[in-house]
1. When the residues of segment 49-77 are narrowed to those that are under 30 Å from residue 295 (Cβ atoms) and surrounded by fewer than 20 Cβ atoms within 10 Å (Cβ to Cβ), which ends up nearest to the chain's Cα centre (by Cα)?
2. Return yes when residue 387 is without any contact (Cβ under 8 Å) to a residue 40 or more places away in the chain and outside the structural domain of residue 134 (by TED's automatic domain parsing) and no when it is not.
3. Does segment 254-275 include one or more residues that are at pLDDT 95 or above and in contact with a strand residue (DSSP E or B) (Cβ under 7 Å, 6 or more places away or on another chain)?
4. Check 92, 24, 101, 34 and return the single one that is part of a loop (DSSP other than H, G, I, E, B), out of contact with any helix residue (DSSP H, G or I) (no Cβ under 7 Å at 6 or more places or on another chain) and closer than 18 Å to residue 246 by Cα.
5. Which condition breaks for residue 17 when tested against (1) more than 20 Å from residue 167 (Cβ to Cβ); (2) surrounded by fewer than 23 Cβ atoms within 10 Å (Cβ to Cβ); (3) within 19 Å of the chain's Cα centre (by Cα)?
6. Any residue that is under 30 Å from residue 165 (Cα atoms), in contact (Cβ under 8 Å) with a residue 12 or more places away in the chain and either under 21 Å from the mean Cα position of the chain (by Cα) or not assigned by TED's automatic domain parsing to the domain that holds residue 427 (or both) - is there at least one of those in segment 306-314?
7. Out of the residues in segment 429-457 meeting the condition of being closer than 23 Å to residue 24 by Cβ and out of contact with any helix residue (DSSP H, G or I) (no Cβ under 7 Å at 6 or more places or on another chain), tell me which one is surrounded by the most Cβ atoms within 10 Å (Cβ to Cβ).
8. For segment 182-225, give me each residue that is under 30 Å from residue 455 (Cβ atoms) and part of a strand (DSSP E or B).
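The values are calculated or read from the model by the stated rules, or taken from the named source; none is laboratory data. Source: prediction; values computed, not measured. Don't worry about glycine lacking a Cβ; one is built from the backbone with ideal geometry, like all the others, and counts go over all protein chains shown.
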């Protein structure tokens, strides 16, 4: 079975969030199963391209409204990531440094999908499955069955994965001029509330789709930014498949980004050695419990709650804990956290931006990981944390409730229900009580490191979905 994964992100080529980790791991594990999985993504002006050897496998042109654009497709020669990787370069649109944030990104995403399908049609390359990740590639199922230019691909099975339903790519109908030609009477397949909605189009037109956890799938039926009726209408082809993590990349015993490696039998010692290093670097006391947060400063991640959580947890516990935050995003949140660092520098450290190596070091050093998410489709951070022997403190939502059970019910983490600072601080106080019980803490570390969150099970579930 030949599968093409279409995505804006793929670790380690270009990463903004968990989408990159999924697309960088799933095809690798599918190939280990005997499938033939590849990734197609945009070309970015970043180090990965220049540090690997590529060959041009296609050079052609597409029309976007009144413009003609060159389309070049580069293939990485060595399959260094465990799968074939194709980068689509369209000078003027897909040749930039960042993944998102451009004023014309709707046109970028349309051009990427158009360019991919033009290349495959022209070269008569017909896969068994197009696996479309999020709304950025959500027009592909519509295009292959309704745009005249892609008759060669008509009927290819399409599967859509909803990584984050908060973002749907809705755009004005004026943007239809950038789409390949199709009969106007089919426009209802693209429309939602009088606008082109790629997420809605993907759900309507694909053969099957999934959310990245069963818990999140259930939530989408009653909270999907207006697409709830569509979910009920298409529920017969909706599935929930929990993501996995790449246990070859995320392994504390072999992780080259750590100062000290360890396994579950020597986790206490290994985490202590890593904790001493990171606390020395950021001026924190290693003898205090260390709480970490890693992620985007976005409301859906509960990052707007962080300043209040940090202030209250330090004040109400008389400074008996340390907190470290790694992330970036909303400028107001960044500024508030900077102010707190000045006020509570003995107990709180912040590092702005995204640093892959530092994230690994925090997972290996922290005693607890805080995830106060309002929305968490799957969540990978809690799985990384548990893999490294760190106890997750999570809001009971989406994929977090599928993966983290509260210690009071025999689980290995801490849950809280309401998306607010007060509940999160209460959970932190519970964590401090657990931390004081050394045998209990040791058992939690061991049990967390024993969980299997590898991709093997998820890869099998996706194979079943392809045959739906």
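1. Ranking the candidates gives 49 first.
2. On the way: without any contact (Cβ under 8 Å) to a residue 40 or more places away in the chain: no; outside the structural domain of residue 134 (by TED's automatic domain parsing): yes.
The answer is no for residue 387.
3. So far as segment 254-275 goes, yes, one or more of its residues are at pLDDT 95 or above and in contact with a strand residue (DSSP E or B) (Cβ under 7 Å, 6 or more places away or on another chain).
4. Checking each option against the conditions leaves just 34.
5. Exception for residue 17: condition (1).
6. There is at least one residue in segment 306-314 that is under 30 Å from residue 165 (Cα atoms), in contact (Cβ under 8 Å) with a residue 12 or more places away in the chain and either under 21 Å from the mean Cα position of the chain (by Cα) or not assigned by TED's automatic domain parsing to the domain that holds residue 427 (or both).
7. Looking only at segment 429-457, we keep the residues that are closer than 23 Å to residue 24 by Cβ, and these are 449, 451-457.
Cutting the leftovers down to out of contact with any helix residue (DSSP H, G or I) (no Cβ under 7 Å at 6 or more places or on another chain) gives us 452, 454, 457.
On the way: 452: 9, 454: 18, 457: 14.
So the residue we want is 454.
8. Matches in segment 182-225: 208, 209, 210, 211.
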